[in-house]
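The structure appears right after this line, and notes come after that.
Please treat every number below as a calculation from the coordinates, not as lab data. Since we're looking at a predicted model, the values are computed, not measured. Cβ sites come from the backbone with ideal geometry, for glycine too, and all protein chains shown count toward neighbours.
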Amino acid sequence: MQKIILSGNEAVAQGAFEAGAGLGIGYPGTPSTEIIEVLEKKAGPQCAWSINEKVALEQAYGACVTGLRSLVTMKHVGVNVAADPLFTFAYMGVNGGLVIVTADDPGMHSSQNEQDNRWYALHAKAPMLEPSNSRECRDFTALAFDLSERYDVPFFLRMVTRVCHSRSLVEIDPEKAYQRQIRAYERNVPKFVTLPAHARARRIILEENLTKLSKDAEAAAKANVMEITDRDAGIITSGAGYNYVKEAFGDRYSVLKLGLIYPLNQGIIQDFARRVKKIYVVEELDPYLEFNVRAMGIECEGKKHISPFFELNPQAVAVSLEKAGLEPLEELDPAAKEPAAGVPARPPILCAGCPHRAFFYLARKEKVTVVGDIGCYTLGAAPPLDGIDVSACMGGGYSIALGMSINPPQGKKIFGVVGDSTFYHSGITGAIDSIFNKRAFVPVVLDNRITAMTGRQQNPGAGRTLSGEDTFMQEPERIFMAVGYDRVLEINAFDLKGIRDAIREAKEAKDRVALVIKSPCRLIKGVEKGPLMDVDKGACSKCKSCLRLGCPAISLGDEGYPVIEPLTCAGCGVCGQLCKKEAIQVNDEEVSG
Amino acid sequence: MAQGTKRVMLAGVGGQGILLASRILCAGLIKAGYDVKSSEVHGMAQRGGSVVTQLSYGERVYSPLVGAGAVDLLITLEKLEALRYVHFLKRNGALLMNAREIPSLPVLTGAVDYPQDIEERLSKYPISLHTIDADGAADKLGNLRVMNVVLLGAMVKLAGLEGLVDWPSIVAEAVKPAYRQVNLKAFAAGASLV
Ligand SMILES: Cc1ncc(C[n+]2csc(CCOP(=O)(O)OP(=O)(O)O)c2C)c(N)n1
Ligand code: SF4
Ligand code: SF4
């Protein structure tokens, strides 16, 4: 055995590998993405990026029907996309084990909401394990596969950002070889075909299986831990919450750490309540455990003291429960009570030379109403670009725009803007609906040939699969033409005049026009810099227009002249086209040097 | 080695090499037999935004995450980030700051000015402040990218961890062979700056 440090995501991949998973599939999304990437590198399971979470879950389910153990990963909002099949798969049960990773993001480090996906377990009747560190990520992944097969039900593994992206020690056997676990496939129509009559029978079987699982003492012993160190006060917690409780209070109070958070093992909770007088519940986000403990008729206090939103941490838990009368191990003695005031923000920003920049600059200039979507290009909403009116969820870039076109502000056509990965994920459906319902709408794809925001994963336009194999390369133009658009204007993402003309043309067009703005993401390997640009002070009128691009290479220097930082500039040339005085030119020294 | 848990935080700007510095530190502390937990932020925050990693080590560590007011040692690869996160320090905690200024977007566009009084403001906190020019040291070595390892060298010295393990071998293991020499020099240069 060897002790190594792994992130939670790496540990889940390790667990799936050791459990003999035959398939690892998912749709990228922070904080879940690395699981599939790491698993793909461990020769063994077949791994793939799917086009969205629903298609990923359905494929994982299909593979499990044939007898493979399947792992499917997504971020919390991805479960919303996959929810339709999820609820029915719980009735149908599995053949090979099926483990669904939901990676939640309390505090919204990289997400549009902080929904608490523990409710999905209760709601979909899919059991859920919640690890608190990398060792448990590994162990619970394997346990989830076992229990999924034993109780004939898909299993959730619920992670949060601070478990996915925290690193801690795990003992592994580096010699352990991959051994694929396969069960035989048997045709079983009453189980796998959900006619209402079949579904009614499966509904009862599911309930019986969940009841058995909630009483499985061996599973409970592997997943839950009871530490009785005090008779007066005890804390019920799970996942990341456990880390914070132990860091804040050590062994001072009794702790019940629940690993199997649906279905709850009522026996252990009742036992804890018998042994400890006063019970507190520490959990991030919603009062999921608190509701359930209360529903058992057990008095407890949770959200009365603990914040119902954003992340917790040991100090926040200590301070909250100190007010309730508990004594933390350490007295907090901060260097300052408040953050320093007046510190300029440092928001994320489109890279120098990003192919998304010019479009948003022009959309704003041309006063277009833009519905955006989720990706690097959401940053087109931030000042100074300020080029997006509405943005909510993947695919919404088109569909919300369709709705707005029914009552368009200022009577203008609405532009919907999605990235290529988003187009394949759920943009296409809105594009077709627009043709069907004859909406005054212009779909735009910012086609950078990659899923950039989440760290550059392949998508159907990349021409390569996750494992780097060549595959058919989709073109949004062909898809638009196939579904009924009359014309597709394809423009180079760095051609300022081309984009401006296309926006104007699409705005006025009476026929069905789509826009595809093309150029690969700056960070794809092999994408080269262009000639660096420089400011000619003699020609510059200090109008500051170039600063409106929000390029990290351009800043306001001495005497009001813009300065281009040569180490940062990617030579996309957009600022040069924008400058009316032709004061931004190719830097000759850099080119010759 | 039995002592309380120590909490370290690194802050900087996406692309400055903060993850590598924190991972090298982790590797050394693990080699020395400590329990270590660290927390990194990936995703949206990396597009040139402010980036933070935290790391706790001790005999038994539970939480990778540290809240405000509880950090023993804060290392910032940039000055504005020092001001942004100084309240994470405990009273009498140590701040190791790289004297580098990187304008953020509102500064680039001229919406606000980069604060000119950062050292002065920091000197008013009940902490020990150590400012070094890690970029300058890296530049002298001919590779600006090793600035993170210069800071790491300074941090290890400042925290009194030099004798803990054979740091050069830990650093050498963590970087590509072609960059070994320059990183080892950077580590040593950092130690000589505090
Ligand atoms: C339902 C859902 N799944 C996954 C994500 C995570 N996510 C955010 S942006 C993004 C990819 C965007 O890629 P693309 O549309 O190509 O834009 P780019 O980042 O390349 O500009 C993903 C997968 C999400 N926000 N919502
Ligand atoms: S990663 Fe690519 S798409 Fe994202 S901001 Fe940078 S250049 Fe643009
Ligand atoms: S050419 Fe201009 S806009 Fe493009 S990266 Fe360089 S400075 Fe930025």
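Mind running the shape call on region A:427-534? Use the C-alpha gyration tensor, a ≥ b ≥ c as the square roots of the eigenvalues: rounded below 1.5 for a/c, prolate if a/b tops b/c, oblate otherwise. Oblate is the answer for region A:427-534, as a/c is 1.5 or above yet b/c matches or exceeds a/b. Classify chain A: rounded, prolate or oblate, from the alpha-carbon gyration tensor (a ≥ b ≥ c, eigenvalue square roots; a/c under 1.5 rounded; otherwise prolate if a/b is larger than b/c)? Note, shape of chain A comes out prolate. Remark: region A:64-73, residue by residue, has Karplus-estimated 3J(HN,Hα) of 5, 4, 6, x, 7, 6, 10, 10, 10, 10 Hz, where x stands for each Gly or Pro and the curve is 6.51 cos²θ - 1.76 cosθ + 1.60 at θ = phi - 60°.
The calculated FRET efficiency for the pair A:Val319 and A:Arg252, based on their C-beta separation and a Förster distance of 22 Å, comes to about 0.90.
The helix-based estimate of mean residue ellipticity at 222 nm for chain A, built from -39,500 (n - 2.57) per DSSP H run of four or more residues and divided by its residue count, is -10000 deg cm²/dmol to the nearest 500.
Between A:Lys542 and A:Gln266, the distance separating the two model label sites (each 7 Å from Cα on the Cα→Cβ line) works out to 7.7 nm.
Each Lys and Arg adds +1 at its Cβ and each Asp and Glu adds -1 at its Cβ; summed about the Cα centre, region A:357-518 shows a dipole of about 460 debye. With both labels modelled 7 Å from their Cα along Cα-to-Cβ, the A:Lys365 to A:Ile182 distance reads 6.0 nm. Distance from the alpha carbon centroid of region A:206-226 to that of region A:285-307 works out to 21 angstrom. For peptide B:32-41, the mean count of partner chain Cβ atoms within 10 Å of a residue's Cβ comes to 5. In this structure the amide hydrogen of A:Ala233, modeled in the peptide plane, comes within under 5 Å of the amide hydrogens of A:Ser254, A:Lys277, A:Lys278, none closer than 5 places in sequence on its chain.
Amide H contacts of A:Val160: A:Asp104, each under 5 Å away and 5 or more positions distant or on a separate chain (H built 1.01 Å from N in the peptide plane; Pro and chain starts excluded).
Kindly put A:Ile388, A:Ile435 in sequence by how many other C-beta atoms sit within 10 Å of each C-beta, fewest to most.
A:Ile435, A:Ile388
Computed from the C-beta positions of B:Asn143 and A:Arg203 and an R0 of 56 Å, the FRET efficiency is 0.30 to the nearest 0.05. The phi-based Karplus calculation (6.51 cos²θ - 1.76 cosθ + 1.60; θ = phi - 60°) puts the 3J(HN,Hα) values of region B:184-194 at 5, 5, 5, 4, 5, 4, x, 4, 6, 8, 10 Hz, whole numbers, x for Gly and Pro.
Backbone geometry of region A:147-155 corresponds, through the Karplus equation with coefficients 6.51, -1.76 and 1.60 at θ = phi - 60°, to 3J(HN,Hα) couplings of 5, 4, 6, 5, 9, 6, 8, x, 10 Hz, x marking Gly and Pro. Between the residues A:Phe360, A:Val444, A:Leu68, the greatest Cα displacement towards the positive end of the dipole of chain A, with unit charges on the Cβ of Lys, Arg, Asp and Glu, is found for A:Val444.
Expressed as a whole number of Å, what is the distance separating the alpha-carbon centroids of region A:157-176 and region A:454-488? Centre-to-centre distance over Cα atoms comes out at 34 Å.
Secondary structure note: in region A:2-214, about 25% of the DSSP beta bridges are antiparallel.
Overall, the anisotropy analysis places region A:533-592 in the rounded class: the square-rooted eigenvalues a ≥ b ≥ c of its C-alpha gyration tensor yield a/c less than 1.5.
By the beta-carbon count within 10 Å of each Cβ, the least crowded to most crowded order of A:Met226, A:Met473, fewest first, is A:Met473, A:Met226. Stretching the chain fully between A:Val189 and A:Lys412 yields a gain of 75.0 nm (0.36 nm per residue, less the alpha carbon separation).
Looking at the protein assembly as shown alone, DSSP beta bridges between its own residues are antiparallel in about 35 percent of cases. Given their separation in residues at 0.36 nm each and the Cα-Cα distance between them, A:Glu175 and A:Glu565 gain 135.4 nm when the chain is fully extended. Amide H contacts of B:Thr131: B:Met97, each under 5 Å away and 5 or more positions distant or on a separate chain (H built 1.01 Å from N in the peptide plane; Pro and chain starts excluded).
Multiplying the residue separation of A:Asp386 and A:Ala482 by 0.36 nm and subtracting their alpha-carbon distance yields 31.3 nm. From the largest down, region A:184-269 spans 55, 23, 21 angstrom on the principal axes of its Cα atoms.
Would you mind ranking A:Thr73, A:Thr465 by Cβ crowding within 10 Å, fewest neighbours first?
A:Thr465, A:Thr73
As a size descriptor, the averaged projected area of the C-alpha convex hull of region A:61-179 was calculated at 7.7 nm². How high is the FRET efficiency from A:Gln585 to A:Ala341, r the C-beta distance, R0 41 Å, rounded to 0.05? Calculated value: 0.50.
Summary of the geometry: region B:142-194 and region A:1-34, compared by the centres of their Cα atoms, lie 31 Å apart.
Take the Kirkwood radius over Cα pairs of chain B, plug it into Stokes-Einstein at 25 °C and 0.890 mPa s, and you get 146 µm²/s for translational diffusion.
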